[in-house]
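Undergrad: This is the structure I want to talk about, given as structure tokens.
Each value in this text was obtained by applying a stated rule to the coordinates, not by laboratory testing. The structure presented is a predicted model; accordingly, all values stated were derived computationally and were not measured.
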Amino acid sequence: MSEHMKKPHTENIAMVTWHGAHYALPVRVIEKYRVKEESKSHLSIDDVFGELINEHGEPGLLLRGLRHREGLSQIEFSKTLNITQTNLSAMENGRRPIGKELAKRIAEKFQVDYRIFL
């Protein structure tokens with residue numbers, strides 16, 4: 001006799017395409033950003049990422065986004081920048097400022113404008 005199995009997690013996942021990249025996101029996360037036909041035709045960055053920016057700070061989110069874009073772990077990324085993983089984590093979570101010298105090193109290695117991290 002077959003036993004009752006757990007419901008697959010994939011039933012609660014939605015595929016989202018943004019700027020040509022495909023993402024699998026939990027439906028419960030994207031539901032709060034659903035736009036009704038009669039409401040605004042667009043969302044601002046603050047509408048979508050406001051909670052994250054408030055929690056981690058914009059420079060920290062940008063640093064984390066750059067690390068994910070490059071496909072690096074915190075340890076790999078911190079070795080590339082010659083800093084500790086602890087300091088990188090603190091910067092990504094908004095507990096430590098990035099600083100001008102480090103921002104310039106990041107800009108040089110990853111071809112971005114250093115001012116976005118300040």
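Undergrad: With the contact rule set at Cα under 8 Å and sequence spacing of 6 or more, what percent relative contact order holds for the stretch 49-117? Can you show the working numbers first?
TA: Numbers: 60 pairs, mean separation 24.5, N = 69.
Relative contact order, the stretch 49-117: 35 percent.
Undergrad: So how much slack lies between Asp47 and Lys100, counting 0.36 nm per residue of separation and subtracting their Cα-Cα distance, in nm? Before the final figure, lay out each step's value.
TA: On the way: separation 53, 0.36 × 53 = 19.08 nm, distance 2.87 nm.
Going from the current span to full extension adds 16.2 nm.
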